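K.L.:
Take a look at this one; I'll ask things after.
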Amino acid sequence: MLFDKKSDYQAVGKILAKLKIKVWVNCPLRLRPIYQKVKESLIDKNVSFRLTGSRLGLATDTIHYLDFMAYLIGSSNFKVNTNFLDRKLTPSKRKGFLELNGTLYLNFGQQARCELTSYASGDSPPLIDIFNQQARYIFSNQFIEPGKDQLGWISQAKNGWPWEKIKFKTPLISETTTTIVEDILKNGRCDLTPYQESSKIHLALLEPLR
């Protein structure tokens, strides 16, 4: 999360507007080529996204998946259901911070649903499942190593739903950063989320979590 106080988002937004500074927020999942292909193939917006795994750090990483969902369906309007989160907070790997486990539901109305489940114990690797009536993708972070080939699986209605392996690469941070900086310097823009839009996403998540 950018900030843990609601007032900070507006205060920073005013400073940026006054100084006419363009700002984007570094939630880079939308820049990954494999996820851009997912967006292209899920023609209908009626999308479901599921993430499961052990000790995923929901307080830390949920914003990244939310940003990706907003990119995937072209909407940042959603409601958060925290009723199924574990009431016991756990220490974060970062000293002085706390983490959340359990299940967090995010509803984008008729357009999409997002379900994030973090087990408080065990070593279950992160598994991502993205699907609608057009296609289904499965990705496991167990196989993700930046810069090397990784495996995913795709099943599509147009082919009769057989499962097929797909190979892809997760760009190195240095590669992603280079692309972003070059785009800003050459074109005055980049494909990350603008601050105002990202603030809206952050605040819609922050208040229910608090």
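K.L.:
Around I130, with a cut-off of 12 angstrom between Cβ atoms, what is the net charge of the other residues, counting Lys and Arg +1 and Asp and Glu -1?
P.N.:
Numbers: positive: K37, K39, R50, R113, R136; negative: E115, D129.
Local charge sum for I130: +3.
K.L.:
Carbon and sulfur together cover what percent of the accessible area of the chain at a 1.4 Å probe radius? Don't jump to the answer; show the numbers that get you there.
P.N.:
Numbers: 6520 of 12240 Å².
On the chain, the fraction of accessible area on carbon and sulfur atoms equals 53 percent.
K.L.:
Give me the dipole magnitude in Debye, nearest 20, for the chain about the Cα centre, with unit charges on the beta carbon: positive for Lys and Arg, negative for Asp and Glu.
P.N.:
Working: 30 positive and 20 negative charges, 88 e Å.
Dipole of the chain, to the nearest 20 debye: 420 debye.
K.L.:
Let me ask something additional. Give me the extension gain from R210 to I173: residue separation times 0.36 nm, minus the current Cα-Cα distance, reported in nm with one decimal.
P.N.:
Values: separation 37, 0.36 × 37 = 13.32 nm, distance 3.07 nm.
Result for the pair: 10.3 nm of gain on full extension.
K.L.:
Here's something else I'd like to know. Multiply the residue gap between S124 and A157 by 0.36 nm, knock off their C-alpha separation, and tell me the result in nm, one decimal place.
P.N.:
Details: separation 33, 0.36 × 33 = 11.88 nm, distance 2.94 nm.
8.9 nm is the gain from fully extending S124 to A157.
K.L.:
Checking the cross-link filter: which lysines have an alpha carbon closer than 24 Å to that of K88, excluding same-chain neighbours under 8 positions apart?
P.N.:
List returned: K5, K6, K79.
K.L.:
By the scheme Lys and Arg +1, Asp and Glu -1, what is the net charge of all other residues having a beta-carbon under 13 Å from that of L72? Working shown, then result.
P.N.:
On the way: positive: R30, R32, K37, K39, K45, R113; negative: E40, D44, D67.
Around L72, the surrounding residues sum to +3.
K.L.:
Here's another thing I want to ask about it. Report, in deg cm²/dmol and to the nearest 500, the calculated mean residue ellipticity at 222 nm for the chain, where each DSSP H run with n ≥ 4 adds -39500 (n - 2.57) and the sum is divided by the residue count. Each step should come with its number before you reach the end.
P.N.:
Numbers: 5 runs with 68 residues, N = 210.
That calculation yields -10500 deg cm²/dmol at 222 nm.
K.L.:
Now for a separate question. What full-extension length gain, to one decimal in nm, is calculated for N107 and A11 as 0.36 nm per residue of separation minus the Cα-Cα distance?
P.N.:
Numbers: separation 96, 0.36 × 96 = 34.56 nm, distance 2.81 nm.
Going from the current span to full extension adds 31.7 nm.
K.L.:
Only four residue types carry charge here, +1 at the Cβ of Lys and Arg and -1 at the Cβ of Asp and Glu. Report the dipole size of region 26-101 about the Cα centre in Debye, rounded to the nearest 20. Intermediate results must be reported in sequence, preceding the final value.
P.N.:
Working: 13 positive and 6 negative charges, 48 e Å.
With only Lys, Arg, Asp and Glu charged at Cβ, the dipole is about 220 debye.
K.L.:
Between F97 and I184, what is the label-to-label distance in nm when each label sits 7 Å out along the Cα-to-Cβ direction?
P.N.:
My value for the distance between the label points is 2.1 nm.
K.L.:
Over the chain, give the accessible area per residue in Å² for a 1.4 Å probe, as an integer.
P.N.:
Working: 12240 Å² over 210 residues.
On a per-residue basis, 58 Å².
The values are calculated or read from the model by the stated rules, or taken from the named source; none is laboratory data. In this text, all values refer to a predicted model and were calculated from it rather than measured experimentally. Positions of Cβ are generated from backbone atoms using ideal geometry, with glycine treated the same way; all protein chains shown enter the neighbour counts. For accessibility, only protein heavy atoms count, side chains too; no ligands or nucleic acids. Shrake-Rupley method; radii C 1.70, N 1.55, O 1.52, S 1.80 Å.
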